[in-house]
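Engineer: Please read through the structure below; I'll follow up with questions.
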Amino acid sequence: MSSPALSSIAPITSMRELVLRRGGRDVLRVEALDIRQGETWVLVGPNGSGKTTLLRALGMLEPPSSGTLELFGRPPGLSPSLELRRRTVLAFQQTLLLADTALANVALPLRLRGVDRAGAEKAAREALELFQASTLAGRRARQLSGGEARRIALARAFAAKPELLLLDEPFAALDPPSREALSSDLKRALKASGTTCVAVSHDRAEALALADHVGILLGGKLAQAGPIDEVFRAPAAEEVARFIGVENLLPARIRSRSADAIRIEVAGVELTCAPSEIGGETALACIRAQDVLLAEGPLGHLSARNAIACRVAALEPSSSGIRVRLDGPFPLVALLTRAAADELRLAPGAQVTALFKSSAVHLA
Amino acid sequence: MSLAAETAAQLGTGGSELWPVGLLTLQVASSGLLIASAIGIPAGLGLALGRFPGRRALIGLANAGMGIPPVLAGLLVALLLWRSGPLGSLELMYTPAAMALAQALIATPVIVSLTAAGILQLGDELPDQLRALGASRWQQSWLLIKEARLPLLAAAMAAAGRLLSEVGASMMVGGNIRGETRVLTTAMVMEVRQGNFALALALGLLLLLLALSINGVLTWLQQRKTA
C-alpha cells in the first residue's frame with residue numbers, strides 16, 4: 001500500500017464549535033467532527049434533532065450560524081463557488097425527480113457539469129447499473145414506484161462521482177425488504193468507488209447496516225461520534241445508550257479496578273466488566289439485550305463472569321427475535337432468537353440464569 | 001340574401017379586406033405576448049424563488065393586475081405615448097407598436113402571476129435539490145421553467161385569449177385606422193355601428209378561428225411530451 005498523500009489525510013470536512021440555527025433558535029451544536037476520505041457516516045437522531053440542517057450546511061445550501069465549517073480544506077463562505085459546490089451532491093429526503101426519463105434524471109448532474117449527452121448517458125447507465133436499475137432507464141419518473149424512484153434518486157446522486165455524497169434519510173418510506181436490498185447496494189457502491197458519504201437517519205438499524213462511523217445527535221448536540229462498534233458497544237452517556245437501544249442500563253457502584261477488569265455492584269450483586277477509563281464511584285452499566293444469554297435453571301461455574309439467577313417476567317416477540325424481560329436482583333432484558341426461546345421452553349415464571357461476559361458490560 | 005349566406009360571401013370574397021385585419025390582430029397579440037413573456041417569466045421566477053421583503057406584496061400586485069381593464073392599460077400607454085407625454089418623441093401613438101405595448105401591459109401580470117404560481121407549485125425543495133446536484137443559477141432557472149412548462153403554457157393561453165379579445169386598448173392607442181391599426185375586434189365594433197352585421201359576423205368567425213387555433217397549438221405543445 002502506498003503511503004497516502006497529505007491531501008487524503010486531511011479531512012474532507014471538518015467542523016469546530018459549529019452552531020446551526022433554524023427559525024431563530026439553535027437546533028444543533030457540533031463541538032468537533034472530522035470526516036475523512038472514504039468513510040461512511042450515518043448521523044442518527046430523532047426527528048427535529050437538526051440532521052437535515054446539518055446536511056444542508058455540508059451541502060453548502062445554507063451557511064452555519066457560527067463556528068467553523070471547512071469543506072475540502074477551506075471554509076465555503078457565504079456564497080460558495082460553483083466549482084466547490086459541484087464537489088458534493090446532496091440527495092434530499094424526497095426523491096424530487098424531474099418529469100423526464102429515469103436516464104435523463106440520472107444524467108442530469110453530469111449535464112449540469114458540462115458533460116456532453118453521450119458521455120453523460122454512459123455514466124448514467126453505469127450509475128443505474130450500480131443500483132440495479134438499468135431496466136428502468138427508459139421509464140418516465142412518474143411511472144416509477146416509491147422504491148424505484150429512490151433507486152433512481154440514489155443513482156442520480158452517485159452519477160457525477162461527487163467527492164462527498166450527502167444523503168437525507170436515503171431509505172425513508174421503503175418497506176423493510178427494499179430497504180435492506182437498497183442499503184446493501186449503496187454500501188457496495190460506496191466501497192467500490194471509495195466515495196465519502198454522510199447520511200442522516202432517524203433509524204438506528206439503518207446506521208448499523210450502512211455506516212462504518214456513526215454520530216448520535218441528541219438534545220441539540222452531537223452527543224457522540226466515532227467508529228460504529230465503538231459507539232454502539234461503549235455509549236458515552238446514558239442518553240446515547242438509551243437512544244441506540246441498549247436496553248439494560250443499570251446504575252452501578254464501582255467496587256474495585258484492576259488491569260483486566262472492573263468489579264461493580266448492581267443492586268447488591270457483583271458484576272465484572274471490561275476495563276474502562278471511567279472515573280468516579282458510580283457509573284451506568286450498559287448491556288445490550290443480544291449479549292445476555294439464558295440457561296435453564298441454576299448453573300455451576302462458567303467462563304462467563306456474570307451469572308444472575310432470574311425469573312422470566314414476560315416474553316415479547318419483536319422483529320429481531322424474542323425479547324425476554326427478566327426479574328431478579330435487578331431487571332434485565334435478553335434478546336433471543338425464536339428458535340432459542342422455543343428450545344428453552346421459556347414461559348413467564350420460569351427460573352433461568354442470565355449470563356453475560358464481562359466484555360459485554362460497558363460503563364458510562 | 002340571408003345573413004349566413006352574406007357572411008359566407010364576405011369570408012370568401014372579402015378576403016382582401018378581412019385577412020390583412022386578421023393578420024395584424026395576430027401580429028399585435030403575439031408581439032404583446034412576447035414582450036409580456038420576456039418580462040413576466042423572469043419576474044415570476046424571481047418572485048417564486050426570491051426571499052426578499054415585499055415579495056408577498058408584489059405577488060399580490062401581480063394577481064390583482066390580472067384584472068386590469070384593457071381600456072385602463074390603453075389609457076396608461078396613451079399617457080406615455082401622447083405627443084406631449086414622456087415618450088411622445090417616439091411618435092408611436094396610433095401605430096401597431098403602441099397596441100402591442102398596451103397589450104403587453106395587459107398580459108404581463110397574467111404571465112408573472114401564473115409563472116410564480118407554477119414555479120411555487122413545484123415545491124420548496126426542488127430548487128434547492130437542483131442546486132445541490134450542481135446547478136448554477138441559470139441552469140436552475142431553466143430546469144424549473146422546463147419543469148413548470150404545463151402551467152407556463154396555461155399562462156400563455158390565458159394571456160393570448162385576453163389579448164385577442166380586447167377592444168378597449170387597441171381602440172384607444174391604435175385608433176382603428178384602416179390598413180394600419182385596424183384589428184378584428186375594433187373592426188367588428190365599427191361594422192356593427194354601421195349596420196354591416198354580415199361583415200361583423202365574418203370578422204367574429206375569423207376571430208374565433210384565430211383564438212381556437214392558437215389555443216389548439218398551445219394545447220398540443222402542452223400535451224406533446226407528457227402523454
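Engineer: Dipole magnitude of the protein assembly as shown about its Cα centre, charges +1 at Lys/Arg Cβ and -1 at Asp/Glu Cβ only, in debye to the nearest 20?
Structural biologist: On the way: 58 positive and 49 negative charges, 144 e Å.
Dipole size: approximately 680 debye.
Engineer: Can I ask one more? Could you tally the net charge around A:Ala192, taking each other residue with its Cβ under 14 Å from the Cβ of A:Ala192, Lys/Arg +1 and Asp/Glu -1?
Structural biologist: Neighbourhood net charge equals +1.
Engineer: On to the next question. How much of the pair distance distribution for region A:208-364 lies past 26 Å, counting alpha-carbon pairs only, in percent?
Structural biologist: I get 29 percent for the Cα pairs in region A:208-364 exceeding 26 Å.
Engineer: To make sure I understand the rule: partners must be lysines, Cα under 25 Å from the Cα of B:Lys146, and not fewer than 8 residues away in the same chain. Which ones qualify?
Structural biologist: Straight-distance partners of B:Lys146: A:Lys122, B:Lys225.
Engineer: State to the nearest 20 debye the size of the charge dipole of region A:163-205 about its Cα centre, where the only charges are +1 on K and R beta carbons and -1 on D and E beta carbons.
Structural biologist: In total the dipole reaches around 200 debye.
Engineer: Quick one: dipole size for region B:1-160, taken about the Cα centre, charges +1 on Lys/Arg Cβ and -1 on Asp/Glu Cβ, in debye to the nearest 20.
Structural biologist: On the way: 8 positive and 7 negative charges, 107 e Å.
Once rounded to the nearest 20, the dipole reads 520 debye.
Engineer: Here's another thing I want to ask about it. Give me the inter-chain shielding for A:84-93: mean count of other chain Cβ atoms within 10 Å, whole number please.
Structural biologist: 3
Engineer: Ok, one more. Where the centroid of each part is defined by its Cα atoms, how far is region A:140-165 from region B:138-213 in Å?
Structural biologist: Centre-to-centre distance over Cα atoms comes out at 45 Å.
Engineer: I've got another one for you. When a footprinting reagent is the concern and you count Cβ atoms within 10 Å, what order do A:Thr195, A:Thr40, B:Thr219, A:Thr88 take, fewest first?
Structural biologist: Numbers: A:Thr195 20, A:Thr40 23, B:Thr219 13, A:Thr88 27.
Lowest to highest Cβ neighbour count: B:Thr219, A:Thr195, A:Thr40, A:Thr88.
Engineer: Checking a compactness column here: for region B:17-100, what do you get for Rg(Cα) / (2.2 N^0.38 Å), N being the number of residues?
Structural biologist: Scaled against compact globular proteins, the figure is 1.36.
Engineer: Here's a follow-up. For the Cα atoms of chain B, what angle does the longest principal axis make with the long axis of helix B:15-49, in degrees from 0 to 90, nearest 10?
Structural biologist: So the helix axis and the longest Cα principal axis differ by about 20 degrees.
Engineer: If amide H atoms are built 1.01 Å from N in the plane of the peptide, which residues on other chains or at least 5 residues away come under 5 Å of the amide H of A:Lys221?
Structural biologist: Those qualifying (amide H under 5 Å, at least 5 residues apart or on another chain) are A:Arg29.
Engineer: Right, another one. In whole angstrom, note down how far apart the Cα centers of region B:38-86 and region A:34-67 are.
Structural biologist: Comparing the Cα centres of region B:38-86 and region A:34-67, I get a distance of 42 Å.
Engineer: So for the protein assembly as shown, what percent of the C-alpha to C-alpha distances run longer than 42 Å?
Structural biologist: 47 percent
Engineer: Further question on the same structure: Sort B:120-126, A:144-150 by the packing proxy (mean of other Cβ within 10 Å over each peptide's residues), most packed first.
Structural biologist: Output ranking for B:120-126, A:144-150: A:144-150, B:120-126.
Engineer: Within straight cross-link reach of A:Lys191, meaning Cα distance under 17 Å, which lysines are found once same-chain residues fewer than 8 apart are removed?
Structural biologist: Straight-line reach from A:Lys191, under 17 Å: A:Lys161.
Engineer: While we're here: With labels modelled as points extended 7 Å from the Cα through the Cβ direction, what inter-label distance (nm, one decimal) is found for A:Glu270 paired with A:Glu70?
Structural biologist: 5.1 nm
Engineer: I want the local charge near B:Gln10. Using Cβ-Cβ distances under 14 Å, sum +1 for each Lys or Arg and -1 for each Asp or Glu among the other residues.
Structural biologist: -3
Engineer: Report the one residue of A:Pro170, A:Leu346, A:Leu335 whose Cα lies farthest in the direction of the positive end of the charge dipole of chain A (charges on C-beta: Lys and Arg +1, Asp and Glu -1; origin at the Cα centre).
Structural biologist: About the Cα centre, the residue reaching furthest to the positive side is A:Pro170.
Engineer: Per residue of B:125-131, what is the mean number of Cβ atoms on other protein chains within 10 angstrom of that residue's Cβ?
Structural biologist: Averaged over the peptide's residues, the number is 6.
Engineer: Please work out the Kirkwood hydrodynamic radius for region B:1-158, using every pair of different C-alpha atoms, and report it in angstroms with one decimal place.
Structural biologist: Averaging 1/r across every pair of different Cα atoms and inverting gives 18.1 Å.
Engineer: Let me ask something else. Give the peptides B:137-148, A:315-326 in descending order of average Cβ contacts within 10 Å, highest first.
Structural biologist: Those peptides, ordered most packed to least, come out B:137-148, A:315-326.
Engineer: Give the average, rounded to an integer, of partner chain Cβ atoms located within 10 angstrom of each Cβ in B:133-141.
Structural biologist: Neighbouring Cβ atoms belonging to other protein chains average 6 per residue here.
Engineer: Mind pulling the angle between the C-alpha long axis of helix B:149-165 and the longest principal axis of chain B? Nearest 10 degrees, somewhere in 0 to 90.
Structural biologist: 30 degrees
Coordinate-derived values only; no laboratory data. This is a predicted model, so every value here is computed, not measured. Cβ coordinates were reconstructed from backbone atoms using ideal geometry, including for glycine residues, and neighbour counts include every protein chain displayed.
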